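One structure is given below, encoded as structure tokens.
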Amino acid sequence: MPSAVALLRARMTRSLVALASVIAIIGNGVPPAAAQQKRQISFIRDAEIEQVMRDYLDPLLGAAGLRKGFIRVVLVNDRSFNAFVADGKRVFVNIGAIMDSTTPNQIIGVLAHETGHIAGGHLARLRSEVDKATAIAVIGSILGAAAVIGSAQSRQVGANSEGMMGAIFAGPEMARRTLLAYQRTEEQAADKAGLAYLEKTGQSGKGMLETFERMANESLFSASRMDKYLQSHPMPQDRVASLRESAPKSAHFEKKDSPVLQLKHDMIRAKLFAFTAPATETARRYPAYNTTLPARYARAISDYRFGKPDQALKAIDALIREQPANPYFWELKGQALLEAGQAGAAVAPLRKAVALAPNQPLIRTMLGHALVAQETPQSVAEAIRELSNATSRDPDNYEGFRYLGQAYARRGDEGNAALAAARGALIEGQFQDAQRFARRALPLLPPNSPAYLAAKDIAEAKPEKNQ
């Protein structure tokens, strides 16, 4: 049986670990490493959806005095309604938030709130608060431990063990409440800033209000059992009350989204449902009698996903005839052909999509994939040009580096193939694999060339402490 002091030390350690987990979730916006192993976060890349999110976000960034285009939206493959920031360069948005937002203004309200966090420097200050909370927890636990040990030496621990254990755990509990109170303050500040950015860009705050009203209604049952001091966000009802008072004061409160913007929003929602939901759900949401453009888009995607290629291509061609300048319809046709094993037939529609949207690296990546599959010297050379362009525009483009590595390998350029593999491994977080590929590339590349120096940087890099 462990001694009283050993048991105390073990309990104190578990308490501090629990506090560290809370801090990690609050401070970084993502679960700690152990939690991530149980529930991996996955992401979705799509040129059309990312472009619409940029169109929503950039005006807000400008209103906040932040550089447009520097901060981007990352799509999280999760059907729940959520968004968060984990650094000053990315806003993470669950696809469920887009799918559940019936108007552009609703998701724009969410982005305005997250922009408030970035512009307010909340992450940097939160990490400072984390340090303070950790100090509070450690000092409180040490003082509590000293009290218990002193009591044990006086033979009083048996009589007052519950009270003494309470003294030990008061430190971490006080730290947790302090940290959560700080975060509630920052959430309220982000709401206020978000409304200011909407006002400055001539947009309504009604979407933000509608979003939080829905969240409040969904949490009504559990709210009665919540301790508001143990929440990282203001209570939903309090938040809604504040927004109901402030949002309608805007001159733009009753402003509606334009029909063009609403159509774009409906199209990306249809796309997300069609690509991520079962065929039965897509059919229920977009039945055959619904002849709107988003409904036909969804059915075309669903048909190609679920083994009806001829029907899908016929529907996609009809969409193209209706909007021949829409790059995403051409992209979809190329994707359907490519994934059906018809890489040669996919090249022409993908070239058309690139011509219509030359600044979309993900479309160039798909074209590069189709060209690599041709395995001719001319197609491989073109693939390298397209994929080099795509990865230079989008350094997080894992698939771009993957296909670029294949293209270089087919041309017999093993040095650049290994470098592309190293860059792709870095994106995937495979640091050791990245260094292994980089070391393989070094003797195969011209000394002091840009490729050589890039490989050298990867090979000699030191892993971050959290890796």
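The values are calculated or read from the model by the stated rules, or taken from the named source; none is laboratory data. Keep in mind that what you see is a predicted model, and the values were worked out from it rather than measured. Quick reminder, even Gly has a Cβ in these numbers, built from the backbone with ideal geometry, and neighbours come from all protein chains shown.
Things to note:
Let's see how each residue does on (1) closer than 23 Å to residue 285 by Cβ; (2) modelled with pLDDT under 95:
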{"position": "35", "(1), (2)": "no, yes"}
{"position": "53", "(1), (2)": "yes, no"}
{"position": "82", "(1), (2)": "yes, yes"}
{"position": "90", "(1), (2)": "no, yes"}
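- Considering region 68-93, and only residues there that are more than 17 Å from residue 47 (Cα to Cα) and either aliphatic (A, V, I, L, M) or in the same structural domain as residue 398 (by TED's automatic domain parsing) (or both), the residue that is surrounded by the fewest Cβ atoms within 10 Å (Cβ to Cβ) turns out to be 86.
- The listed residue being farther than 17 Å from residue 384 by Cβ, out of contact with any His (no Cβ under 6 Å at 6 or more places or on another chain) and of a type in the set (Asp, Glu), out of 414, 460: 460
- Residue in region 349-367 that is in a loop (DSSP other than H, G, I, E, B), more than 29 Å from the chain's Cα centre (by Cα) and in contact (Cβ under 8 Å) with a residue 12 or more places away in the chain present: no
- Meets criteria (assigned by TED's automatic domain parsing to the domain that holds residue 425, touching a residue at least 60 places away in the same chain (Cβ under 8 Å) and under 25 Å from residue 410 (Cβ atoms)) for residue 384: no
- The listed residues are 346, 340, 357, 390, and the only one of them that is surrounded by 14 or more Cβ atoms within 10 Å (Cβ to Cβ), out of contact with any Cys (no Cβ under 6 Å at 6 or more places or on another chain), at pLDDT below 95 and closer than 21 Å to residue 46 by Cβ turns out to be 340.
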